[in-house]
Amino acid sequence: MNKENFTISYETFDTINELSPAEQALCHQAEEALKSSHSPYSKFRVGTAVQLAGGEVVLGSNQENVAYPSGLCAERVALFSIGAAYKDACITTMAITAYTDQFKIEQPVTSCGACLQVMAEYEKKQGKPMTILFYCLGGKIIKVKGINSLLPFAFVEDRLGS
């Protein structure tokens, strides 16, 4: 038997003002994306803004459906939009935020496992790590470089692509 460990590396910020101007702008765009959320059932809005290396920013918001689980998370809405419209784009940074009228969100909301797996696929496709900003409105931010810190055991099967 072998016992192994891995280390997760990330940064935390107390306010959005501690981020670079470009990262602040991306967080504000994720906040704007909340407006297009269709979340009449959970009342939990999620918005994401994805920065591409060419300068484009693609927004996504969660889209619920009465026939659960037919909806889709904000991250996958944005990533699949990029896959359809910008086939060979390189993603540099994603900002993700959430809001609900039901209660005050006090910590950054992180992505679900399905979204992390899709992020891993796009990162593998582009051959470069992306930066992810989990932005709590009016609060802390978690900054992670590369999906391996979030999903160290992502499903990978290289033989499927050959």
Worksheet entry | In the stretch 31-83, the residues that are closer than 12 Å to THR97 by Cα and of a type in the set (Phe, Trp, Tyr) | PHE44
Practice prompt. Those residues that are on the phi < 0 side of the Ramachandran plot and loosely packed, with under 15 Cβ neighbours inside 10 Å, I need them from the stretch 36-63; list them, please.
Written response: HIS38, PRO40, TYR41, SER42, ALA53, GLY54, GLU56
Worksheet item: Among the listed residues VAL77, VAL58, which satisfies the condition of being within 11 Å of the chain's Cα centre (by Cα), free of Cβ contacts under 8 Å to residues at least 40 places away in the same chain and closer than 25 Å to GLN24 by Cβ?
Response: VAL77
Worksheet item: What number goes with the only condition from (1) over 26 Å from ASP101 (Cβ atoms); (2) of a type in the set (Phe, Trp, Tyr); (3) surrounded by 12 or more Cβ atoms within 10 Å (Cβ to Cβ) that PHE13 does not pass?
Response: (1)
Item to complete: Mind counting the residues in the stretch 30-52 that are more than 16 Å from VAL109 (Cα to Cα) and part of a helix (DSSP H, G or I)?
Response: 3
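Conditions (1) within 30 Å of LYS104 (Cα to Cα); (2) at pLDDT below 95; (3) over 11 Å from the mean Cα position of the chain (by Cα); (4) surrounded by fewer than 16 Cβ atoms within 10 Å (Cβ to Cβ), marked per residue:
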residue	(1), (2), (3), (4)
MET119	yes, no, no, no
LYS124	no, yes, yes, yes
THR131	yes, no, no, no
ILE142	yes, no, yes, no
LYS145	yes, no, yes, yes
ASN148	yes, yes, yes, no
ALA154	no, yes, yes, no
Fill in: Residue count for the stretch 135-162, restricted to those that are farther than 15 Å from THR7 by Cβ and of a type in the set (Phe, Trp, Tyr)
2
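Which of the following residues is crowded, with 19+ Cβ neighbours inside 10 Å, within 26 Å of LYS124 (Cα to Cα) and of a type in the set (Gly, Ala, Ser): ALA30, ALA22?
Numbers: ALA22 fails: crowded, with 19+ Cβ neighbours inside 10 Å.
Matching residue, one of ALA30, ALA22: ALA30.
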Item to complete: State which residue is farthest from ALA95 (Cα to Cα) when the search covers only the stretch 6-29 and only residues that are in a loop (DSSP other than H, G, I, E, B) and aliphatic (A, V, I, L, M).
Response: ILE8
Item to complete: Determine which single condition ALA98 fails, assuming it passes every other condition in (1) under 15 Å from GLU31 (Cα atoms); (2) surrounded by fewer than 16 Cβ atoms within 10 Å (Cβ to Cβ); (3) in contact with a Phe, Trp or Tyr (Cβ under 7 Å, 6 or more places away or on another chain).
Response: (2)
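The values are calculated or read from the model by the stated rules, or taken from the named source; none is laboratory data. Just so we're clear, the structure is a prediction, and the values are computed from it rather than from any experiment. All Cβ positions, glycine included, derive from the backbone under ideal geometry; neighbour counts span all protein chains shown.
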